[in-house]
Number of protein chains: 2
Amino acid sequence: MALSGEYQERYGLDIPEWRVLATLGFRNDACSAQYISDCTRTHKSTISRAVMTLMQRQIVERVENAHDRREFRLRLTKEGKTLYQELIPRLLRKEREILSCLTAQERKELACLLGKIEKSLDLVQTRQEADTEQAY
Amino acid sequence: MALSGEYQERYGLDIPEWRVLATLGFRNDACSAQYISDCTRTHKSTISRAVMTLMQRQIVERVENAHDRREFRLRLTKEGKTLYQELIPRLLRKEREILSCLTAQERKELACLLGKIEKSLDLVQTRQEADTEQAY
DNA sequence: CTAAATTAGTCGCATCTGCAACTATCTTAA
DNA sequence: TTAAGATAGTTGCAGATGCGACTAATTTAG
């Protein structure tokens, strides 16, 4: 959608890469690839590849986890944090632009309604074994 | 999303194929591939391939347009109409299921809010030369 | 009328991304 | 303790789809 142009065209990030960046930046703390996969509902192979690319671009780094040597702790590098901080205001501005056709009250209502649906869908999905997300 | 499972798993239709079927079924009248491409915001090559598949499955048929021999008039076959009529109630039921967490009043509000955003986005998009649609 | 520009549709190509198999590691149960 | 099962992450593969070039037909401008 309109938002993705902001990070894709301007920063050369594809969608999974943005998801990794956003998750790490939002949490501001190390986490596993599996965690990112879970909370963005993106297949772990896709996240794996996005992490590889971001490591090559020195946006993300990973360190071994001494307690579980299967997984890695992922976190943003200095450059990664800078990139994240640079992107956030742009995206918020874009979001405001998109929602500018609604009043403050309407925006609040919309968030509330979508929240309800999301909550209800999450139940359904976990109940019947995670659907693949697809648009329309 | 949850809806697509209905036509994908049950009827072997992928998303572009469903879009063709839905457009032709909804209009209940012949139209060009370009028209479908426009109103579903799907690239014409994708629509072209979907139409090919649907023709092989005898769901869609096309006839030459005497007035413009570049384009074809597309329409559903008898089987196509049957399939469409069979799918509609299933999809509506699914939609009701998804929206069942909202009251009637809330559903109306949601439709209204989304309508406003869509309208506003359409203007923006045509102004800056059709973004590619992408989810988050 | 003719040449350039536009439009409908097709096709090759590249990219994206999910699936499933695989390795390595960890956990659980007998 | 050991064997079976679960889990994290990687990779080969295949399907889906957008892009751009191409052909054929039509429209527009000079």
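Just so it is clear, none of the values below were taken in a lab; they were calculated from the coordinates. On a predicted model such as this, the values are computed, not experimentally measured, just so you know. No Cβ is skipped: glycine too gets one built from the backbone with ideal geometry, and neighbour counts run over all protein chains shown.
Could you list, in sequence order, the residues of region A:20-66 that are among the charged types (D, E, K, R) and part of a helix (DSSP H, G or I)? Reasoning before the result, please.
Of region A:20-66, the ones among the charged types (D, E, K, R) are A:27, A:29, A:38, A:41, A:44, A:49, A:57, A:61-62, A:64.
Residues satisfying the conditions are A:27, A:38, A:44, A:49.
Scan region A:45-62 for residues that are exposed (fewer than 12 other Cβ atoms within 10 Å of the Cβ) and within 8 Å of DNA strand C (Cβ to nearest atom) and jot them down.
Hit for region A:45-62 is A:45, nothing else.
Consider region B:63-102. How many of its residues are charged (D, E, K, R), within 15 Å of DNA strand D (Cβ to nearest atom) and surrounded by 16 or more Cβ atoms within 10 Å (Cβ to Cβ)? Please lay out each step first, then the result.
If we filter region B:63-102 for residues that are charged (D, E, K, R), which is where we start, we get B:64, B:68-71, B:73, B:75, B:78-79, B:81, B:86, B:90, B:93-97.
When the remaining residues are screened for being within 15 Å of DNA strand D (Cβ to nearest atom), the result is B:64, B:68-71, B:73.
Checking which are surrounded by 16 or more Cβ atoms within 10 Å (Cβ to Cβ) leaves us with B:73.
The qualifying residues number 1.
Here's a check for you: in region A:1-43, which residue that is of a type in the set (A, V, I, L, M, F, W, C), free of Cβ contacts under 8 Å to residues at least 12 places away in the same chain and facing another protein chain (nearest Cβ under 10 Å) is nearest to DNA strand C (Cβ to nearest atom)?
Residues of region A:1-43 of a type in the set (A, V, I, L, M, F, W, C): A:1-3, A:13, A:15, A:18, A:20-22, A:24, A:26, A:30-31, A:33, A:36, A:39.
Retained after the next criterion (residues that are free of Cβ contacts under 8 Å to residues at least 12 places away in the same chain): A:1, A:13, A:15, A:26.
Narrowing the set further to residues that are facing another protein chain (nearest Cβ under 10 Å) leaves A:1, A:15.
Details: A:1: 13, A:15: 4 Å.
Across region A:1-43, the extreme among qualifying residues is A:15.
Filter region A:67-101 for residues that are under 20 Å from residue A:6 (Cβ atoms) and outside any helix (DSSP H, G or I); which is nearest to DNA strand C (Cβ to nearest atom)? Step through it out loud before you land on a result.
At the first step, the residues of region A:67-101 found to be under 20 Å from residue A:6 (Cβ atoms) are A:76, A:79-101.
Those still in the list that are outside any helix (DSSP H, G or I) too: A:76, A:100-101.
Details: A:76: 19, A:100: 27, A:101: 28 Å.
Result: A:76.
Six or more apart or on different chains, Cβ under 8 Å: which pairs go from a residue in region A:49-70 that's more than 14 Å from chain B (Cβ to nearest Cβ) to one that's away from DNA strand D (no atom under 11 Å from the Cβ) and among the hydroxyl-bearing types (Ser, Thr, Tyr)? Could you list them?
If the second residue must be away from DNA strand D (no atom under 11 Å from the Cβ) and among the hydroxyl-bearing types (Ser, Thr, Tyr), the pairs left are A:58/A:77; A:59/A:77; A:60/A:77; A:61/A:77.
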